[in-house]
Amino acid sequence: MIRILFKVNRFFLIMVIFGAGVAAQRTGLIDYFFDPFEYPIFIKLLGQHLYLVGCSMAIATVTGLSVGILLTRPRFKRYAGVGMYIVSLGQTVPSLAVIALAMSFLGIGARSAILALSLYSILPIARNTLAGIVAVPPALIDAARGMGMPPGRLLLEVELPNAMKVIITGFRVALIINIGTAALAFLIGAGGLGDLIFSGISLMQTDKLLAGAIPVTLMALIGDFLCELLGLWLIPQGLRLEKQ
């Protein structure tokens, strides 16, 4: 039965790939990618998109982890609700409005886009860091303290490893949101694949629209897969086996 289901799934996969190839040929997408004048532009815009996502995710990850860890410390636990409310303001405002506000401070260009994308990506990481550390069983923390672990070592060897699965989930959500929102950076002159998407819409050119939209979709899927691999690397094997 499993072998039959495998063959059926493989057949449908082949049909989907074949249909996608036919659709790409009819819309002119394949010709677009092989155009010697358009291909360098696509590579440039793809590089700009990756640059925006990479820089903003680095800032959001450092900030989100720092805020989440800080709000779990005994001295700052009472401010956790206020801290999360302040961090959540970035996602309360629509993404386009955040980009516009960043542009009003830093002007047109990549800096404004990176700032806006960072603010929009901090919340999932900070919230999941806070939730993951708070959910660590108190018995583990008490046992570690009983062994004489200082606070820094307790955080690195007990709290963060046990919270890592939840933290990576927040990072995954932030990454996928970031990849999609980065397409709006074109509106403030920061480049990226949004250039192809919005140009294709304005000019009613399906090939150009798909040349921007499909890579963004693939980037999100690849990012999700890489987060799975990151979890295998960062989450200790014993914790993975225990949760399975």
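When every residue of region 103-115 is checked against the conditions, at least one turns out to be surrounded by fewer than 21 Cβ atoms within 10 Å (Cβ to Cβ), modelled with pLDDT of 85 or more and within 17 Å of the chain's Cα centre (by Cα). Selection of first residues in region 174-203 that are part of a helix (DSSP H, G or I) and of second residues that are among the charged types (D, E, K, R), restricted to Cβ pairs under 8 Å at least 6 apart or on distinct chains, gives the following pairs, ordered by first then second residue: 175/224; 176/224; 186/195; 196/208; 199/208; 200/207; 200/208.
Kindly evaluate residue 81 against the criterion of being modelled with pLDDT under 85 and closer than 27 Å to residue 182 by Cα. Explain how you work it out, then say what you get.
On the way: modelled with pLDDT under 85: yes; closer than 27 Å to residue 182 by Cα: no.
For residue 81, the condition - modelled with pLDDT under 85 and closer than 27 Å to residue 182 by Cα - is not met.
Could you list, in sequence order, the residues of region 148-166 that are hydrophobic (A, V, I, L, M, F, W, C) and part of a helix (DSSP H, G or I)? Listed by number, the residues that qualify are 154, 155, 156, 158, 160, 163, 164, 166.
Scanning region 83-111 for residues that are β-branched (Val, Ile, Thr) and free of Cβ contacts under 8 Å to residues at least 24 places away in the same chain returns 86, 92, 93, 98.
Within region 210-239, the set of residues being under 20 Å from residue 156 (Cα atoms) and in contact (Cβ under 8 Å) with a residue 40 or more places away in the chain comprises 230, 231, 234, 235, 236, 239.
The values are calculated or read from the model by the stated rules, or taken from the named source; none is laboratory data. Fair warning: this is a prediction, and the values are worked out from it, not measured in the lab. When we count neighbours, we look across all protein chains shown, and the Cβ atoms used for this are built from the backbone with ideal geometry, even at glycine.
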